[in-house]
Number of protein chains: 2
Amino acid sequence: MLMKKRASTVCPIVYALDIWGDPWSLVILRDVLIHNKRHYREFLASREQISTNILSARLQSLVEAGILVKIEGESNRAQTMYRPTQKALDLFPVVFAIMHWGLKYNPNTDMSIPIMQELTTNEKGLEHRLLSNFDDIQS
Amino acid sequence: MLMKKRASTVCPIVYALDIWGDPWSLVILRDVLIHNKRHYREFLASREQISTNILSARLQSLVEAGILVKIEGESNRAQTMYRPTQKALDLFPVVFAIMHWGLKYNPNTDMSIPIMQELTTNEKGLEHRLLSNFDDIQS
DNA sequence: GATACATACTTGCGAAATGCAAGTACGAAT
DNA sequence: ATTCGTACTTGCATTTCGCAAGTATGTATC
């Protein structure tokens, strides 16, 4: 985190930033929520090239913050998965809002990705479909 | 910024993060958009206690990114103002989405602030009222 | 009109976080 | 038995941050 961590803040924005307000955390959350990634190796493979120590640290802090859950396989570390909690699923509106803004102002956005099209034409449908990836989590 | 700056990215989220994805930038944007702050001294007075060098650097990078405009008074630096561009005003949905999430999960949110109440009961009205602070900017 | 004050910064430095490369631990595949 | 894949950890140079102090310039006060 950039900002000195506060035990508590009365501002909902600062509260949010203290948890996932560094860029790498949001990239991980994008991968989890939008691209349905769950394995360490999948996060590593992202275009943004996060380094292993940062990835490890961020996953851990997101778990501590109750955003992700670490599910370890029995007798095989390669089965370890990171899955979102409801607290993470509630970030869909945030992620979508950021995507809308980025889409408007980033001339290099790759519109050939189906999700980008769908975000503008059928956001609710997109959200519903993505949420169905996490049916086991939904309350 | 935490993340190595990219000249261009095809991801709208990473584009956004490269511009305002550090916590301090978002605190400044909160102050501009929600609390209608415009002067250096006002940003410094925020509860989060940003230090002067960071504030100076962030204001400059937000100006470079086309998010804020620096308006200098003639013959008096104390009149210097930082005002949002349309690109900043388009961040209202992002800021509101973050506030909604923070409100849900931050037990310490100060609900005595009128804006917090209004966000849940009348978001559109709140947005409209806040936007009216920037009538001169709106296209 | 000299002095104090306010504002908007810049500078210096120790502490922390980052980025990169390499190493480790362990199960699976050959 | 050896190699490979995966999930990390460790070490270190570089960058960024946080804090304190200093600077520049205009305004207010005596």
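The values are calculated or read from the model by the stated rules, or taken from the named source; none is laboratory data. Remember, it's a predicted structure, so these values are computed and weren't measured experimentally. Reconstructed Cβ throughout: ideal geometry from the backbone, glycine too, with neighbour counts over all protein chains shown. Just so you know, the surface numbers come from the protein's heavy atoms only, side chains and all, with ligands and any DNA or RNA stripped out. Shrake-Rupley method; radii C 1.70, N 1.55, O 1.52, S 1.80 Å.
Residues A:His128, B:His100 ordered from highest to lowest accessible area at a 1.4 Å probe: A:His128, B:His100.
By the helix-only formula, in which each DSSP H run with n ≥ 4 contributes -39500 (n - 2.57) and the sum is divided by residues, chain B has a 222 nm mean residue ellipticity of -15000 deg cm²/dmol. Pairs of Lys residues in the range A:12-134 are counted when their Cα atoms are under 20 angstrom apart and they lie 8 or more places apart or on different chains; the count is 5. Sorted from shortest to longest, the distances between the B:Asn108 label points of this copy and the other copies are 3.8 nm, with each point 7 Å from Cα along the line through the beta carbon. Solvent-accessible surface (1.4 Å probe) assigned to A:Lys37 amounts to roughly 40 Å². The rotation axis that maps chain A onto chain B passes nearest to the beta carbon of this chain A residue, listed with its distance in whole angstrom: A:Ala97, 2. State the Cα centre-to-centre distance between the range B:73-110 and the range B:8-36 in whole Å. Here the two parts' Cα centres lie 10 Å apart.
Taking a probe of 1.4 Å and counting only protein heavy atoms, give the total accessible area buried between chains A and B in Å², rounded to the nearest 100.
4300
Cα extents for the range A:69-138 along the principal axes, largest to smallest and rounded to whole angstrom: 46, 25, 18.
Comment: the Cα-to-Cβ extended label point of B:His128, at 7 Å, lies 2.9 nm from its counterparts in the other copies, nearest first. Diffusion coefficient (Stokes-Einstein, Kirkwood radius over C-alpha pairs, 25 °C, 0.890 mPa s) for the protein assembly as shown: 124 µm²/s, rounded to a whole number. For the range B:12-134, the equivalent ellipsoid derived from the Cα gyration tensor has semi-axes of 24, 16, 15 Å, listed largest first. Taking the 1.4 Å solvent-accessible surface of chain B as the whole, the part contributed by carbon and sulfur is 50%.
Among B:Ser112, B:Ser75, A:Ser25, the order of accessible area from largest down is B:Ser75, B:Ser112, A:Ser25, computed with a 1.4 Å probe on protein heavy atoms.
With its label point put 7 Å out from Cα toward Cβ, A:Asp90 sits 2.9 nm from the same residue's point in the other copies, in order from shortest.
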